[in-house]
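What follows is one structure encoded as structure tokens, with my remarks underneath.
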Amino acid sequence: MTLLHRLVSRLADALFAVSLLAGLLMMLHVTADVVSRTLFNAPLAGTGEITATYYMIAVAFLPLAWITLRDQHVTADIFVSALPGAMRAVIAVLVDLLIIVYVSAFVWQTWISALARTERGEVWEILGGFLPVWPTRWLLPVAGAAMVLTMIFRLIARLTRYDYAYDSEGQN
């Protein structure tokens, strides 16, 4: 179980690091575009498209496994919190199973879409040329698969009572 925990943690941390890097690059790129547009009246071609297709997708989806591992998703558990402990435990397992099924379907569909767009060599037309966007289509199935793996780990941990809790700063 410790080996699986280590694997899931490293995968989640790596994807989170990539998302942080994408966020930093996005800030630098947009800042350079604003400076270039304002001072030199020469905007950087494709900034909006690159931001929308590369940076924002990475920032939004790659941290899913990291957030899942730390149980930091937004929840509304006002009704569940009032239930007895045994009932909460059953509901938690059922919710974990439902999430695994749903996100697995997400991975499957985004995989099919990414494969089709890769085969087509999907591009977007931008000022001065074309921007290949097919590589970013793979971020969704990768992020989703990492989340499914994390959810499976969490479900096994819940069922075996394996304690992997993180503190408020995300440290185990």
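Can we say Val74 is of a type outside the set (Phe, Trp, Tyr), modelled with pLDDT of 95 or more and either out of contact with any helix residue (DSSP H, G or I) (no Cβ under 6 Å at 6 or more places or on another chain) or closer than 24 Å to Ala52 by Cα (or both)?
No; evaluated as a whole, the condition is false for this residue.
Anything in segment 28-78 that is part of a helix (DSSP H, G or I), of a type in the set (D, E, K, R) and under 21 Å from the mean Cα position of the chain (by Cα)? List them, or say none.
Glu49 - this is the single residue of segment 28-78 that is part of a helix (DSSP H, G or I), of a type in the set (D, E, K, R) and under 21 Å from the mean Cα position of the chain (by Cα).
Please give the number of the condition Ser81 fails out of (1) surrounded by 13 or more Cβ atoms within 10 Å (Cβ to Cβ); (2) among the hydroxyl-bearing types (Ser, Thr, Tyr); (3) outside any loop (DSSP other than H, G, I, E, B).
If we test Ser81 against (1) surrounded by 13 or more Cβ atoms within 10 Å (Cβ to Cβ); (2) among the hydroxyl-bearing types (Ser, Thr, Tyr); (3) outside any loop (DSSP other than H, G, I, E, B), just (1) comes out false.
Mind checking whether some residue in segment 35-45 is touching a strand residue (DSSP E or B) at 6+ places or on another chain (Cβ under 8 Å), open to solvent by less than 40 Å² (accessible area, probe 1.4 Å) and modelled with pLDDT under 95?
The answer is no; no qualifying residue exists.
Residues that are in contact with a helix residue (DSSP H, G or I) (Cβ under 7 Å, 6 or more places away or on another chain), open to solvent by less than 60 Å² (accessible area, probe 1.4 Å), polar (S, T, N, Q) and closer than 16 Å to Thr136 by Cα: does segment 6-13 have at least one?
no
Filter segment 104-150 for residues that are over 19 Å from Met56 (Cα atoms) and part of a loop (DSSP other than H, G, I, E, B); which is most open to solvent (accessible area, probe 1.4 Å)?
Leu127
Applying the selection to segment 48-68, what residues are in contact with a His (Cβ under 8 Å, 6 or more places away or on another chain) and either over 10 Å from His29 (Cβ atoms) or surrounded by fewer than 20 Cβ atoms within 10 Å (Cβ to Cβ) (or both)?
Thr51, Ile67
Could you grab the pairs with beta carbons closer than 8 Å, sequence gap of 6+ or different chains, first residue in segment 78-93 and closer than 21 Å to Phe153 by Cα, second one exposed (fewer than 13 other Cβ atoms within 10 Å of the Cβ) and not β-branched (Val, Ile, Thr)?
Cβ pairs passing all conditions: Arg88/Ser81; Val93/Leu159.
The values are calculated or read from the model by the stated rules, or taken from the named source; none is laboratory data. What you see is a predicted model; the values in this text were computed from it and never measured. Backbone-built Cβ (ideal geometry, glycine too); neighbour counts: all protein chains shown. Surface accessibility is based on the protein's heavy atoms, side chains included, excluding ligands, DNA and RNA. Shrake-Rupley method; radii C 1.70, N 1.55, O 1.52, S 1.80 Å.
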